[in-house]
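Take a look at the structure below.
The values are calculated or read from the model by the stated rules, or taken from the named source; none is laboratory data. Since this is a predicted model, take the numbers as computed values, not measurements. Quick reminder, even Gly has a Cβ in these numbers, built from the backbone with ideal geometry, and neighbours come from all protein chains shown. Ligands, DNA and RNA are excluded from the accessible area calculation, which covers all protein heavy atoms including side chains. Shrake-Rupley method; radii C 1.70, N 1.55, O 1.52, S 1.80 Å.
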Amino acid sequence: MDESESKADAASGSEETGVTAQVLGAVQSEDYAGIVALDRRSDEEVGSAVKALVSETRSASGGDTVVRFGLGASLFEGAGVRAPRQLKAMPSFLGDLLDPANSHGDLLVLVAGKDAAAVRQGVEAAKSTAIKDGWAVRWGIDGFRADNRVEGGRGLARNPFHFTEGFGNPESEREVADRALVRDGQGEPEWAVGGSYQVVRVIRFATELWDKDSVDEQERIMGRRRDGKWLDGAPVGEDPNFAADPKGRQTPLDSHVRLAAPDRRRPPPLVRRSYSYDRGDGDTGIIFNCYQRDLAKGFEAVQKRLEGEALAKYVLTTGGGYFFVPPPGDAWIDAVS
């Protein structure tokens, strides 16, 4: 490779990294987030309604937060605009108990930042702006990332089951872009290139039941130690040897990580950006949040493999939805007009 090719690759990587940061953040998610799902009530054309809301919400959110938007499949109904080809209402998977009032939506607004008060203010500003502009609040939820940090290039956090999450994410921003961002040649509308399919799942955890189990049993259900080490003794930065454990004596065959990613050399093509939540009265869990360029190969393939996992009796998905995060800039707004 000559010097000009090297510089071109570096420039491409830098540009892609910048796009990734704008679409879904870079390596680490913010400490706090608030999610609001909206439905359009007015008869105003889609493009005008979205443009006004996006512009005013960005202005009202303040400099201490970031605001990202996700487009629901229902936003495109009757709009005469070509939607992202895989975008649809999130189906109910085995074991789900989806509440329609807390699922789906025309538009998703995610406000995130490092200060909880600033995020709350941003969420309230988004709601006020939406209502003023003729949108209805469909559902919402607030989240946080306990022990939020970056290790080995990966954003990590601790969930309500006391386990560290994020080890399955890629190590670099360029790898994040490779898994998450839609590219040319995928059969997507031109305006959608550079965006990402977002899956949001509100998953309630049976923490009281979980905490009755021993730590050893919890680790066998998850398929790894609380700190991320593997049950076969492999350190965090190495892959476990599942092939040497065909009967699951070390890592059970129905453990979460073994089903989710049975071949560690070929990880699922998605990027997690999840948050914990606590609504009080024992209603705790995670706002599972992931991004991918292909829903079928990403989240849906993993979800199908997880059917029958040992973790199933401790978790219940009650809401969420599929959305499409548009690429940076405002060209996509004109495209959906």
Which of the numbered conditions does Thr20 fail, given that it passes all the others? Conditions: (1) modelled with pLDDT under 80; (2) more than 16 Å from Phe324 (Cα to Cα); (3) open to solvent by less than 40 Å² (accessible area, probe 1.4 Å); (4) within 20 Å of the chain's Cα centre (by Cα). (2)
Do you know which of the residues in the range 177-198 that are assigned to a helix (DSSP H, G or I) and of a type in the set (Asp, Glu) is surrounded by the most Cβ atoms within 10 Å (Cβ to Cβ)? Asp178
Is it fair to say Asp227 is in a loop (DSSP other than H, G, I, E, B) and among the acidic types (Asp, Glu)? yes
Residue count for the range 52-66, restricted to those that are crowded, with 19+ Cβ neighbours inside 10 Å, within 13 Å of Glu124 (Cβ to Cβ) and either of a type outside the set (Val, Ile, Thr) or touching a Leu at 6+ places or on another chain (Cβ under 8 Å) (or both): 1
So, first residue more than 17 Å from Glu30 (Cβ to Cβ) in the range 145-171, second residue aromatic (Phe, Trp, Tyr), Cβ within less than 8 Å, six or more apart or across chains; the pairs are Pro160/Phe205; Phe161/Phe205; Phe161/Trp210; Phe161/Tyr314
Here is a list: Val50, Val66, Val36. Which entry is out of contact with any helix residue (DSSP H, G or I) (no Cβ under 8 Å at 6 or more places or on another chain) and modelled with pLDDT of 80 or more? Val66
Lys127 is checked against (1) crowded, with 17+ Cβ neighbours inside 10 Å; (2) of a type outside the set (Gly, Ala, Ser); (3) under 22 Å from Tyr197 (Cα atoms); (4) modelled with pLDDT of 90 or more and fails just one. What number does that condition carry? (3)
Look through Arg220, Arg174, Arg201 and report the one residue that is under 16 Å from the mean Cα position of the chain (by Cα), surrounded by 14 or more Cβ atoms within 10 Å (Cβ to Cβ) and not in a loop (DSSP other than H, G, I, E, B). Arg201
Somewhere in the range 281-297, is a residue within 30 Å of Lys114 (Cα to Cα) and basic (Lys, Arg)? yes
Sole residue being within 19 Å of the chain's Cα centre (by Cα), of a type in the set (D, E, K, R) and within 27 Å of Glu217 (Cα to Cα), chosen from Arg264, Arg273, Arg258: Arg273
Filter result for Leu231 (farther than 29 Å from Asn102 by Cβ, without any contact (Cβ under 8 Å) to a residue 60 or more places away in the chain and not β-branched (Val, Ile, Thr)): yes
Name the single residue that is nearest to the chain's Cα centre (by Cα) among those in the range 39-87 being part of a loop (DSSP other than H, G, I, E, B) and among the small types (Gly, Ala, Ser). Gly72
Of the residues in the range 172-226, those that are touching a strand residue (DSSP E or B) at 6+ places or on another chain (Cβ under 7 Å), hydroxyl-bearing (Ser, Thr, Tyr) and more than 23 Å from Asp278 (Cβ to Cβ) number 2
